[in-house]
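Asker: I'd like to ask you about the structure that follows.
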Amino acid sequence: MTIHDLTVISAVDGSALPKKPFTGRHLIDGQWRDSLDGATFVRRSPAHGTLVSVSAKGGSEDVEAAVAAARRRFDDGRWPFSSGKKRASLLTRVADLIDRERERIALVETLESGKPISQARAEIEGAADLWRYAAALARTVHGDSHNSLGQDILGFVLKEPVGVVSIITPWNFPFLIVSQKLPFALAAGCTAVIKPSELTPSTTVILGELLLEAGLPDGVVNIVLGYGEPVGAGLTTHADVDMVSFTGSTGVGKSIAASAAATLKKVSLELGGKNPQVVFPDADLDSAIDAIVFGVYFNAGECCNSGSRIIVHKDIAQEVVERVVALSKKVPFGDPLHPETRVGAIISPEHCRKIDGYVKSAASGGAAIHLGGGELAVPGLSGQFYQPTVVSDVTGDMAIAREEVFGPVLSVLTFDTPDEALGLANASSYGLSAGVWSENVHTCLEFARKVKAGTVWTNTWMDGFAELPFGGFRESGQGRELGRYGLEEFLEVKTLQMRLGQSRELWLNSR
């Protein structure tokens, strides 16, 4: 395929690139620190190849110091027993500061992740909204009372913060995902240690700056930069950590659950997905085609909610494929700093090769590639990009139909009957999200009731609201984020029974 077949946006004026790299350090007990051994690591822009950041490379000593700070701050009781009003006020101040720094955060995130600048701005705006929503929840934490246990007994169910939380975030939505976790943990009264991805550490450091400016007490939130070993491993096994909240791959999630089992920590996991959209013959195809294209190319497909496989009725399959291919050619791929770009760079050369491997394997197995199927060269840029890719004649046994490609690659399967469509949708080991397209509400409702997914969209795709919980079935994880359920994840339930007066009957009467 030649570049003229696609909509490609070349490099903008290099003046938008930083003149010097962002410097990231650990935040421990309210202080910015270098690693004890002075070690650092660097991140280059996946689109431009330029040096973006130089960050402290954490070790076991940094993990120990951060966990100790979070433990001390939780155990002294001043944060967990502070009023909901006080915590809400602080979270609201953080939201205001995020709004103030939106352009700076978006630029750094675009440079480190390769996502389009317009998308990054929208995500930072959405993150601020999550902080405000969590602030509102902070004043609603309450338990229950029982006064029907007898005239001399009162029972109470208390909600208390779980304790010290390790928060480990991925590279695809670094600022948004930490904002799906941290403000809810803080609203509950927890303290935290955060490890962002080594590929996108800098916006989490900026968040740390804003937390301090907002007046967060020292040690309530700590940040340790670095790699899964030893930083991530230390945060999942440390005896003084009460809970781990992780977003990332299913494989890593399984290893975290296994390592956390040694100390029986609470574990919340938001993992991968192989999310189906089922398209029935009576669907509004104009809307469905647009949503399919959006679902597979948003964030270059590097999204756990990617609509990476569609299951289309055979009567309309050819038309759907042709229209998806035609619309895909119009999607602007290219320089993420250009305001018109919709799809930017792939996070790393290694990941680009992984994406291509899935496509090549499907082709060798008999699948048809209608569009793309290889890396994309963008004039003026040295980074890694992948073409919009549409693959049909996919069978259920192919890796591209079962595994998370995490790239701008759409797999097309077909069906004859609703039961067959449901069977294909549920054939994956994942269960994060699913969608159904039909003008018949009964068709949509029946599918939604029977599909194994934590979120189901009908006649839309990837709408999201702070009020609604998010999480998956099966190998897509455990626990929920957002909504009231997102707050509940960070709370423990305690039963308090109070006997009034001297009314307890003696078990052994020694008189």
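The values are calculated or read from the model by the stated rules, or taken from the named source; none is laboratory data. These numbers come from a predicted model, not from an experiment. Cβ coordinates were reconstructed from backbone atoms using ideal geometry, including for glycine residues, and neighbour counts include every protein chain displayed. With ligands, DNA and RNA removed, areas are computed over all heavy atoms of the protein, side chains included. Shrake-Rupley method; radii C 1.70, N 1.55, O 1.52, S 1.80 Å.
Asker: With the checklist (1) crowded, with 18+ Cβ neighbours inside 10 Å; (2) touching a His at 6+ places or on another chain (Cβ under 9 Å); (3) over 22 Å from Glu229 (Cβ atoms) in hand, flag the one item Gly58 doesn't pass.
Answerer: Checking Gly58 against (1) crowded, with 18+ Cβ neighbours inside 10 Å; (2) touching a His at 6+ places or on another chain (Cβ under 9 Å); (3) over 22 Å from Glu229 (Cβ atoms), the one that fails is (3).
Asker: Taking Lys159 as meeting all but one of (1) part of a loop (DSSP other than H, G, I, E, B); (2) more than 19 Å from the chain's Cα centre (by Cα); (3) not hydrophobic (A, V, I, L, M, F, W, C), write down the number of the exception.
Answerer: (1)
Asker: Among the residues of the range 79-130, what is the count of those that are hydroxyl-bearing (Ser, Thr, Tyr) and either under 24 Å from Thr23 (Cβ atoms) or free of Cβ contacts under 8 Å to residues at least 12 places away in the same chain (or both)?
Answerer: Result for the range 79-130: 3.
Asker: Any idea how many residues of the range 406-434 are closer than 22 Å to Ile369 by Cβ and in contact with a Cys (Cβ under 9 Å, 6 or more places away or on another chain)?
Answerer: 2
Asker: Scan the range 100-124 residue by residue and report those that are open to solvent by less than 20 Å² (accessible area, probe 1.4 Å), of a type in the set (A, V, I, L, M, F, W, C) and more than 19 Å from Pro196 (Cβ to Cβ).
Answerer: Once the filter is applied, which keeps residues that are open to solvent by less than 20 Å² (accessible area, probe 1.4 Å), of a type in the set (A, V, I, L, M, F, W, C) and more than 19 Å from Pro196 (Cβ to Cβ), the range 100-124 yields only Ile117.
Asker: Within the range 326-348, which residues are open to solvent by 10 Å² or more (accessible area, probe 1.4 Å), among the aliphatic types (A, V, I, L, M), touching a residue at least 40 places away in the same chain (Cβ under 8 Å) and closer than 30 Å to Phe415 by Cβ?
Answerer: Filtering the range 326-348 down to residues open to solvent by 10 Å² or more (accessible area, probe 1.4 Å) leaves 326-327, 329-332, 337-340, 342, 348.
From the residues that got through so far, the ones that are among the aliphatic types (A, V, I, L, M) too are 326-327, 331, 337.
Filter again for touching a residue at least 40 places away in the same chain (Cβ under 8 Å), leaving 331, 337.
Hit for the range 326-348 is Val331, nothing else.
Asker: Across the range 399-439, what is the number of residues that are of a type in the set (Val, Ile, Thr), open to solvent by 10 Å² or more (accessible area, probe 1.4 Å) and not in a loop (DSSP other than H, G, I, E, B)? Steps first, please.
Answerer: We begin by selecting, within the range 399-439, every residue of a type in the set (Val, Ile, Thr); these are 400, 405, 409, 412, 414, 417, 436.
This time we only want the ones that are open to solvent by 10 Å² or more (accessible area, probe 1.4 Å), so: 414, 417.
Narrowing further to those that are not in a loop (DSSP other than H, G, I, E, B): 414.
The number of residues fulfilling the criteria is 1.
Asker: Going residue by residue through the range 137-152, is there one that turns out to be surrounded by 15 or more Cβ atoms within 10 Å (Cβ to Cβ) and either within 19 Å of Thr200 (Cβ to Cβ) or out of contact with any helix residue (DSSP H, G or I) (no Cβ under 8 Å at 6 or more places or on another chain) (or both)? So that I can check it myself, show each step before the final result.
Answerer: So the first thing to find is which residues in the range 137-152 are surrounded by 15 or more Cβ atoms within 10 Å (Cβ to Cβ), and the list is 137-139, 141.
Then keep just the ones that are either within 19 Å of Thr200 (Cβ to Cβ) or out of contact with any helix residue (DSSP H, G or I) (no Cβ under 8 Å at 6 or more places or on another chain) (or both); that gives none.
No, the range 137-152 contains no residue that is surrounded by 15 or more Cβ atoms within 10 Å (Cβ to Cβ) and either within 19 Å of Thr200 (Cβ to Cβ) or out of contact with any helix residue (DSSP H, G or I) (no Cβ under 8 Å at 6 or more places or on another chain) (or both).
Every residue, every condition in (1) in contact with a helix residue (DSSP H, G or I) (Cβ under 7 Å, 6 or more places away or on another chain); (2) touching a residue at least 24 places away in the same chain (Cβ under 8 Å); (3) of a type in the set (S, T, N, Q); (4) closer than 30 Å to Thr455 by Cα, yes or no:
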{"position": "Val231", "(1), (2), (3), (4)": "yes, yes, no, no"}
{"position": "Thr237", "(1), (2), (3), (4)": "yes, yes, yes, no"}
{"position": "Asp240", "(1), (2), (3), (4)": "yes, yes, no, no"}
{"position": "Leu264", "(1), (2), (3), (4)": "no, no, no, yes"}
{"position": "Gly272", "(1), (2), (3), (4)": "yes, yes, no, yes"}
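Asker: Also: So how many residues does the range 299-325 have that are open to solvent by less than 50 Å² (accessible area, probe 1.4 Å) and in a helix (DSSP H, G or I)?
Answerer: Kept after step one, since they are open to solvent by less than 50 Å² (accessible area, probe 1.4 Å), are these residues of the range 299-325: 299-313, 316-317, 320-321, 324-325.
With the extra rule that they be in a helix (DSSP H, G or I), the set shrinks to 299-301, 317, 320-321, 324-325.
The total comes to 8.
Asker: Hey, any hits in the range 350-367 for a residue that's surrounded by 18 or more Cβ atoms within 10 Å (Cβ to Cβ), hydrophobic (A, V, I, L, M, F, W, C), more than 28 Å from the chain's Cα centre (by Cα) and assigned to a loop (DSSP other than H, G, I, E, B)? Can you show your working first?
Answerer: Here is the first cut: in the range 350-367, the ones surrounded by 18 or more Cβ atoms within 10 Å (Cβ to Cβ) are 351-352, 355-356, 358-359, 362, 367.
If we keep only those that are hydrophobic (A, V, I, L, M, F, W, C) as well, we get 352, 355, 359, 362, 367.
Adding the requirement that they be more than 28 Å from the chain's Cα centre (by Cα) leaves 367.
Checking the rest, the ones that are also assigned to a loop (DSSP other than H, G, I, E, B) come to 367.
Among the residues of the range 350-367, at least one is surrounded by 18 or more Cβ atoms within 10 Å (Cβ to Cβ), hydrophobic (A, V, I, L, M, F, W, C), more than 28 Å from the chain's Cα centre (by Cα) and assigned to a loop (DSSP other than H, G, I, E, B), which makes the answer yes.
Asker: Continuing with this model, one more query. His26 - would you say it is of a type outside the set (Val, Ile, Thr), out of contact with any Asp or Glu (no Cβ under 6 Å at 6 or more places or on another chain) and touching a residue at least 12 places away in the same chain (Cβ under 8 Å)?
Answerer: Working: of a type outside the set (Val, Ile, Thr): yes; out of contact with any Asp or Glu (no Cβ under 6 Å at 6 or more places or on another chain): no; touching a residue at least 12 places away in the same chain (Cβ under 8 Å): yes.
So His26 does not fit the description; no.
Asker: Return the only residue of Arg43, Arg33 being touching a strand residue (DSSP E or B) at 6+ places or on another chain (Cβ under 6 Å), more than 30 Å from Ala138 (Cα to Cα), charged (D, E, K, R) and open to solvent by less than 30 Å² (accessible area, probe 1.4 Å). Talk me through it step by step, then tell me what you get.
Answerer: Numbers: Arg33 fails: open to solvent by less than 30 Å² (accessible area, probe 1.4 Å).
Going through Arg43, Arg33 in turn, just one is touching a strand residue (DSSP E or B) at 6+ places or on another chain (Cβ under 6 Å), more than 30 Å from Ala138 (Cα to Cα), charged (D, E, K, R) and open to solvent by less than 30 Å² (accessible area, probe 1.4 Å): Arg43.
Let's see how each residue does on (1) under 25 Å from Lys86 (Cβ atoms); (2) open to solvent by 10 Å² or more (accessible area, probe 1.4 Å):
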| position | (1), (2) |
| --- | --- |
| Ala188 | yes, no |
| Val193 | yes, no |
| Gly208 | yes, no |
| Val241 | yes, no |
| Val244 | no, no |
| Lys254 | no, yes |
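Asker: Could you please let me know if Glu64 is under 21 Å from Ala127 (Cα atoms) and of a type in the set (D, E, K, R)?
Answerer: Details: under 21 Å from Ala127 (Cα atoms): no; of a type in the set (D, E, K, R): yes.
No, not satisfied.
Asker: Related question: With the checklist (1) within 22 Å of Val493 (Cβ to Cβ); (2) open to solvent by less than 10 Å² (accessible area, probe 1.4 Å); (3) hydrophobic (A, V, I, L, M, F, W, C); (4) at pLDDT 95 or above in hand, flag the one item Ala260 doesn't pass.
Answerer: Tallying (1) within 22 Å of Val493 (Cβ to Cβ); (2) open to solvent by less than 10 Å² (accessible area, probe 1.4 Å); (3) hydrophobic (A, V, I, L, M, F, W, C); (4) at pLDDT 95 or above, Ala260 fails exactly one: (4).
Asker: Is there any pair with a first residue in the range 453-466 that is free of Cβ contacts under 8 Å to residues at least 60 places away in the same chain and a second that is aromatic (Phe, Trp, Tyr) and in a loop (DSSP other than H, G, I, E, B) whose Cβ atoms are under 6 Å apart and which are 6 or more apart or on different chains, and what are they?
Answerer: Gly454/Phe473
Asker: Okay, next question. Keeping to the range 468-511, report how many residues are surrounded by fewer than 11 Cβ atoms within 10 Å (Cβ to Cβ) and in a loop (DSSP other than H, G, I, E, B).
Answerer: The qualifying residues number 12.
Asker: Would the range 51-65 turn up any residue that is at positive phi and of a type in the set (Asp, Glu)?
Answerer: Among the residues of the range 51-65, not one is at positive phi and of a type in the set (Asp, Glu), which makes the answer no.
Asker: Another question, then. Looking only at residues that are touching a helix residue (DSSP H, G or I) at 6+ places or on another chain (Cβ under 8 Å) and among the charged types (D, E, K, R) in the range 208-229, which one is nearest to Ala185 (Cα to Cα)?
Answerer: Out of the qualifying residues, it is Asp218.
Asker: Suppose the filter is under 30 Å from Ala260 (Cα atoms), small (Gly, Ala, Ser) and touching a Gly at 6+ places or on another chain (Cβ under 6 Å); does Gly483 pass it?
Answerer: no
Asker: Write out, first by first residue and then by second, each pair whose Cβ atoms fall under 6 Å of each other, whose residues are 6+ apart or on separate chains, and whose first residue, in the range 356-375, is within 24 Å of Lys330 (Cβ to Cβ) while the second is among the hydroxyl-bearing types (Ser, Thr, Tyr) and part of a helix (DSSP H, G or I).
Answerer: From the range 356-375, the pairs are Leu371/Ser328.
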